[in-house]
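Report on the structure given below.
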Amino acid sequence: MLLGSIEAGGTKFVCAVGNKDYQVQDKVIFPTTTPEETIGKCIDWFDKYRDELTAIGIASFGPIEIRQNDPKYGFITNTPKQGWVDTDFVGPFKKHFDLPIAWTTDVNGSAYGEYVLATLFNQRVHSLIYYTIGTGVGAGEVVDGRFIGEMGHPEVGHIKVKRHPDDLDFAGICPFHGDCLEGLVAGPTFQARLGISGREVPLTNHVWDIMAYYVAQAALDSTLMFRPDKIVFGGGVVSEQFLKKVRREFKKLLNNYVDVGDVEKYITMPLAKGNGSATIGNFALALKELQE
């Protein structure tokens, strides 16, 4: 028995097959091009495992339609990704494989992977929020094995944050909201602010303190709204060194208002190595879909 996973990103697709213990047996990466080409490559790759494949979990960039009674369930909807607006993602897989398919957002997949791993690592975690900070910003919330969001998935990357006094002249890069969270801390903001890639910006640069201030506000808002057991930050912008700055700002903003325990254990890097949270989450969601 094999479970399938597709982590669909704006830059690349990661396809994998694994066993019921969430161990990867094979994996491939495709660049994200057109829907027809990219989805076609995924179907062709999974086709060689047709006889063993029992279910597939798909975690996609969005926005996506998650309401199963909606005619566009399984679609990527009004995404800013050029060429992918109103793309039927789940339909071609259902038609080709006729298998149970779990469908959710990329950050939900990662959140579920971290939720599953926390249990495997004997951590007492009933609720968890996973933020990814990379080309974009998003978050997924899991409470007792269920995702938050019925009418649609959360769009936490687009919450508004209080501006840092040293950052008032930066308009932000979000095409919809300008200076929302994503517009202020996503990877491309380095280029917009400094004219260079984030990889070239040392952690001593003040821009990291500014970004930590915004990310800490997101952690504070999540804490006060949801009171999760744990907040996980992943994505290309995040490092343990950056999270130290975030934790410092978070402590200042929280000001001991509520107890979150050890902040080092409360705000963390992912347990999954190599950005593998979504793959593990997709395997687990595929297995859940199969069992239900």
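The values are calculated or read from the model by the stated rules, or taken from the named source; none is laboratory data. Everything quoted here is computed from the prediction, not taken from an experiment. In this analysis, Cβ positions are derived from the backbone assuming ideal geometry, glycine residues included, and neighbour counts consider all displayed protein chains. The area values use the complete protein model at the heavy-atom level, side chains included, leaving out ligands, DNA and RNA. Shrake-Rupley method; radii C 1.70, N 1.55, O 1.52, S 1.80 Å.
Couple of notes before you dig in:
- Backbone HN-Hα couplings from phi across the stretch 17-32 [Karplus 6.51/-1.76/1.60, Hz, Gly and Pro as x]: 10, x, 9, 5, 9, 6, 8, 5, 9, 7, 8, 8, 10, 10, x, 7
- Per residue solvent-accessible surface (Å²) - the chain, probe of 1.4 Å: 47
- Using a Förster distance of 45 Å, the FRET efficiency for Gln25-Arg248 (Cβ separation, nearest 0.05): 0.60
- Extension gain, Leu203 back to Asn256 (0.36 nm per residue minus Cα-Cα distance, nm): 16.4 nm
- The count of lysine pairs in the stretch 192-291 whose Cα atoms are under 26 Å apart, excluding pairs fewer than 8 places apart on the same chain, comes to 16.
- When shorter helices are ignored and each DSSP H run of at least 4 residues is given -39500 (n - 2.57), the per-residue value for the chain at 222 nm works out to -10500 deg cm²/dmol.
- Rolling a 1.4 Å probe over the protein heavy atoms of the chain, with every protein chain left in place, gives an accessible area that is 50 percent carbon and sulfur.
- Ranked by the mean number of other Cβ atoms within 10 Å of their residues, highest first, the peptides 6-19, 190-203 come out as 6-19, 190-203.
- Across the chain, the fraction of Cα-Cα pairs farther apart than 28 Å, rounded to a whole number, is 36%.
- Rounded to two decimals, the Cα-based Rg/Rh of the stretch 146-292, with Kirkwood Rh, is 0.98.
- Cα→Cβ-extended label distance, 7 Å offset, between Thr77 and Asp221, nm: 1.9
- Compared with the direct C-alpha span, the chain from Thr119 to Gln68 gains 15.5 nm at full extension, assuming 0.36 nm per residue.
- Counting DSSP beta bridges with both ends in the chain, the antiparallel % (nearest 5): 60
- Largest GNM mean-square fluctuation among Tyr73, Tyr214, Tyr112, using the chain with Cα springs under 10 Å: Tyr73.
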